[in-house]
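The structure appears below as structure tokens.
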Protein chains: 2
Amino acid sequence: MVLVLGVDAGGTASRAVVAAADGTVVGRGRAGPGNPTTAGPAAARSIGTAVREALGDHDPAAVVAGVVGVAGAAIAADPRVAAAFADEWAERGLTCPITMVGDAVTAFAAGTAAPSGAVLIAGTGAVAARIGDRRIGRTADGLGWLLGDEGSGLWLGLRAVRSAARAWTGRTVPAGLPARIAEHAGVDTRDALVHWAGRRPPAAFAALAPLVCAAAADGDPLAGRLTSEAAARLLATLAELGTPDGPVVLAGGLLTRETPVRAAVLAALDTPVTTSRDPAAGAAWLALRTTTGPAEAARLHARMV
Amino acid sequence: MVLVLGVDAGGTASRAVVAAADGTVVGRGRAGPGNPTTAGPAAARSIGTAVREALGDHDPAAVVAGVVGVAGAAIAADPRVAAAFADEWAERGLTCPITMVGDAVTAFAAGTAAPSGAVLIAGTGAVAARIGDRRIGRTADGLGWLLGDEGSGLWLGLRAVRSAARAWTGRTVPAGLPARIAEHAGVDTRDALVHWAGRRPPAAFAALAPLVCAAAADGDPLAGRLTSEAAARLLATLAELGTPDGPVVLAGGLLTRETPVRAAVLAALDTPVTTSRDPAAGAAWLALRTTTGPAEAARLHARMV
């Protein structure tokens, strides 16, 4: 049995898919944050854990190709991170070539078999990239939470806490979004909310994004303004890339689940749009297509993602 | 000889002033960050160092009153911080009552002898406060860099780095503000700038504010937009307080030096405005006025600040 491996390594979770030569997914695995830009060498361990789970009882030596999509361009440049990955593959018994690509490439592949176009990702972070012949071209944003990632889940969650703190001028928490956030944080004063926020690791604010989206869907005006602004920022990021020569693929939890952000982005785009629901399977397909011809690859894409 | 002590404890520096009963400043001291909200008990040590320098060879037992202005409302609530201050005063030989007040009170006192009005502070952080009978009333913003402090020096510096990273789409750094920031950071790629920013303590971004103000004064359009937005955010923060029943005092480096932010704020305000140039002297005056009558206090104000 010939197998391929695909990995999607994100700031919140790492997902691995093992597929057979006919495109059948034979195993899936999931572990913690696998973004080496933020997690460093520990990212390799998370990814390795997800890979082990996906392999299950399959022989690692049967894997003939692997593709790993990770955020950040300069990962391979850090020798510590590269060494951690090499160790991890060896420990998992993997002997085939494993290609590290930008997560934009795997996210794009999970939305389309086309070689070129653009991908707009809004998960914990946010980035847009032109894809040309399955390589990353020009990118926009993706600058991390401190400097950018505008419209991402972390951005949305942090904005919501900011807005709640700013609106909380009296003794009691304002109804609506601020009250939901205070409940989430377990606080009953504004100072306690500020203190709570100051002690959270930045990525934890992304956990508030579903709460904001739910409030917006329920008609909360503040939450609605925030999700609209997130969509506007994401569209501006995508627009920086110019007109793509292929479909626009939407990726990341904020744009693949039925959120108000996705709805607003879809309503504004007048180009062909597809959705990247399973980037790990997209990565596995990228691995598989290196072993087969174009027609077969297109057929397998329809089957796998 | 009877002496009074005044301290202004900020997020960047602590300043102390020792004055005689006739309002003559007889000593000044300066040390590191003295904001217990961010620096914790170490703030007491910074303040103590500034006090020792201000006292010089004067007898600490001659100090009959002290006022310390510190950021944050809940300082006294933390027993560790209160104990650190008590130890510090004892170590400096101070035996008189020392009153801790919000830094808004001392900043206001440094701008006017009036008991009521409002103060707008933009230093490392940003906050507006109504002052009634020399006590803090309603406040706006002051939420810290993560959630607010909109229009502050830190906000301005961080925005400038964000804008520079966002504008840096090609291989070479764009001229103007991005180039100045790249030079300040000692970087020649966008990724290096992002990396640099991610390793700075947040307060360090405030050090970029003078650079942004200088670029705006030189006509740089991006810097001009950022300083205009800082002014607009500060004015919005002040406007949250409603119409003050007294003068508006401008405080903090961004509003007391001749910056484009100050110019824009002054141009927009149509109420009586004064400037708080020496909050430590304002604190010393507050200490002195507890020892004298109202007419004498007003005369001493003109002399001291």
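What number goes with the only condition from (1) within 23 Å of A:Ala16 (Cβ to Cβ); (2) surrounded by 24 or more Cβ atoms within 10 Å (Cβ to Cβ) that A:Glu91 does not pass?
For A:Glu91, the failing item is (2).
Just give me the residues in the range A:172-210 being out of contact with any Leu (no Cβ under 8 Å at 6 or more places or on another chain), at the interface with chain B (Cβ under 10 Å from one of its Cβ atoms) and not in a loop (DSSP other than H, G, I, E, B), in sequence order.
Across the range A:172-210, the qualifying residues are A:Arg190, A:Asp191, A:Ala192, A:Leu193, A:His195.
Residues checked against (1) within 12 Å of another protein chain (Cβ to nearest Cβ); (2) more than 24 Å from A:Pro247 (Cβ to Cβ):
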| position | (1), (2) |
| --- | --- |
| A:Leu120 | no, no |
| A:Ala126 | no, no |
| A:Ala140 | yes, no |
| A:Gly144 | yes, yes |
| A:Leu147 | yes, yes |
| A:Glu150 | yes, no |
| A:Leu156 | no, yes |
| A:Ala165 | yes, yes |
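Restricting to the range B:257-299, what's the tally of residues that are surrounded by fewer than 21 Cβ atoms within 10 Å (Cβ to Cβ) and part of a helix (DSSP H, G or I)?
11
Could you identify the single residue in A:Ser152, A:Ser228 that is within 30 Å of A:Ala39 (Cβ to Cβ) and touching a residue at least 12 places away in the same chain (Cβ under 8 Å)?
Exactly one of A:Ser152, A:Ser228 is within 30 Å of A:Ala39 (Cβ to Cβ) and touching a residue at least 12 places away in the same chain (Cβ under 8 Å), namely A:Ser152.
Can you name the residue in the range B:211-248 that is among the charged types (D, E, K, R) and within 14 Å of chain A (Cβ to nearest Cβ) and is also farthest from B:Arg166 (Cα to Cα) among such residues?
Out of the qualifying residues, it is B:Glu240.
Where the second residue is among the small types (Gly, Ala, Ser) and the first is on the phi > 0 side of the Ramachandran plot and lies in the range B:167-180, which pairs have Cβ atoms under 8 Å and are six or more apart or on separate chains?
From the range B:167-180, the pairs are B:Gly176/B:Ala215; B:Gly176/B:Ala223.
Pairs only if they're at least six apart or on different chains, beta carbon under 7 angstrom, first in the range B:125-143 and at negative phi and without any contact (Cβ under 8 Å) to a residue 60 or more places away in the chain, second in a loop (DSSP other than H, G, I, E, B) and surrounded by 24 or more Cβ atoms within 10 Å (Cβ to Cβ); list them, first residue then second.
These pairs meet every condition: B:Leu143/B:Asp149.
May I ask you to say which residue of B:Leu266, B:Leu234, B:Leu241, B:Leu255 is more than 25 Å from B:Ser14 (Cα to Cα) and touching a residue at least 60 places away in the same chain (Cβ under 8 Å)?
Testing whether each residue is more than 25 Å from B:Ser14 (Cα to Cα) and touching a residue at least 60 places away in the same chain (Cβ under 8 Å) leaves just B:Leu241.
Collect the residues in the range A:128-138 that are buried (at least 22 other Cβ atoms within 10 Å of the Cβ) and within 14 Å of chain B (Cβ to nearest Cβ), keeping them in residue-number order.
Residues satisfying the conditions are A:Ala128, A:Ala129, A:Arg130.
From the list A:Leu158, A:Leu193, which residue is in contact (Cβ under 8 Å) with a residue 40 or more places away in the chain and touching a Pro at 6+ places or on another chain (Cβ under 9 Å)?
Just one listed residue meets the conditions, A:Leu158.
Scan the range A:193-227 residue by residue and report those that are more than 20 Å from the chain's Cα centre (by Cα) and not aliphatic (A, V, I, L, M).
A:His195, A:Trp196, A:Gly198, A:Arg199, A:Arg200, A:Asp218, A:Gly219, A:Asp220, A:Pro221, A:Gly224, A:Arg225
Each row is one residue, and each column tells you yes or no for (1) buried (at least 24 other Cβ atoms within 10 Å of the Cβ); (2) modelled with pLDDT of 95 or more.
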{"position": "A:Gly11", "(1), (2)": "yes, no"}
{"position": "A:Val18", "(1), (2)": "yes, yes"}
{"position": "A:Thr38", "(1), (2)": "no, no"}
{"position": "A:Val67", "(1), (2)": "yes, yes"}
{"position": "A:Ala71", "(1), (2)": "yes, no"}
{"position": "A:Phe108", "(1), (2)": "yes, yes"}
{"position": "A:Gly111", "(1), (2)": "yes, yes"}
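The values are calculated or read from the model by the stated rules, or taken from the named source; none is laboratory data. It should be emphasised that the depicted structure is a prediction, and the values quoted were computed from it without experimental measurement. Ideal geometry is used to build each Cβ from the backbone, glycine not excepted, and the neighbour counts take in all protein chains shown.
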